[in-house]
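Take a look at the structure below.
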């Protein structure tokens, strides 16, 4: 598997914390945060090349690099068995189906890491690549820390979850049962499934969901962006709503 390209201060900083950095390219800056990051990179003895903005833009293929581009180790799939072994009760899993937009995927990863979701499962069919630099940027570097399984067979993962005693719910617009009508038990092993606004949850995945739930609404628009929905899902999984 090839090394990843990442860009931006937060992605590079978090890759450094996670010991994923291989080589960094940066430009001289008077910004305090940039100076501190450069110092940490040098202290960690990560190979560092100082280049100009034009080179960074060509490498990142965007002007949103904030003065930092780097190569990092490829992300590795987490182990469901290990997670459940380390934490037999109260495991929280979020599963994504048909998430094509890198910005949305990165934002969901960031939300999951923020709320302490134990595992994020991403169905690769109909979804963007989780190793993309734009996903890392949108996640603010959270992809370096969040445990993720990226798989072409999310249905198989769901079957494994059920074998381990998980209850699996899915969020869908305009379903009668509301997410606030069910409380997430502290010791229960739970999984919540989200789909995209356009495609929704794939039929193969939806057929394995135990119960579909909706997010209550008072307005006219009948759906939320998947990033916003993932906040609700994560808060529900954590027993916060």
Odd one out for residue 22, checked against (1) out of contact with any strand residue (DSSP E or B) (no Cβ under 6 Å at 6 or more places or on another chain); (2) in contact (Cβ under 8 Å) with a residue 12 or more places away in the chain; (3) not in a helix (DSSP H, G or I): (1)
Qualifying position, being assigned to a loop (DSSP other than H, G, I, E, B), on the phi > 0 side of the Ramachandran plot and surrounded by fewer than 23 Cβ atoms within 10 Å (Cβ to Cβ), among 173, 140: 140
Failed item, numbered, when residue 179 is tested on (1) in contact with a helix residue (DSSP H, G or I) (Cβ under 6 Å, 6 or more places away or on another chain); (2) more than 30 Å from residue 21 (Cβ to Cβ); (3) modelled with pLDDT of 95 or more: (3)
Exclusive hit being crowded, with 20+ Cβ neighbours inside 10 Å, touching a strand residue (DSSP E or B) at 6+ places or on another chain (Cβ under 6 Å) and not in a helix (DSSP H, G or I), set 78, 70: 70
Subset of region 192-214 (residues that are surrounded by fewer than 22 Cβ atoms within 10 Å (Cβ to Cβ) and either free of Cβ contacts under 8 Å to residues at least 24 places away in the same chain or not in a strand (DSSP E or B) (or both)): 197, 198, 199, 202, 203, 204, 206, 207, 208, 209, 210
Odd one out for residue 109 among (1) in a loop (DSSP other than H, G, I, E, B); (2) on the phi < 0 side of the Ramachandran plot: (1)
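The values are calculated or read from the model by the stated rules, or taken from the named source; none is laboratory data. If you're wondering where the values come from, they're calculated on a predicted model, not measured in any experiment. FYI the Cβ positions are ideal-geometry reconstructions off the backbone, even for glycines, and counts take in every protein chain you see.
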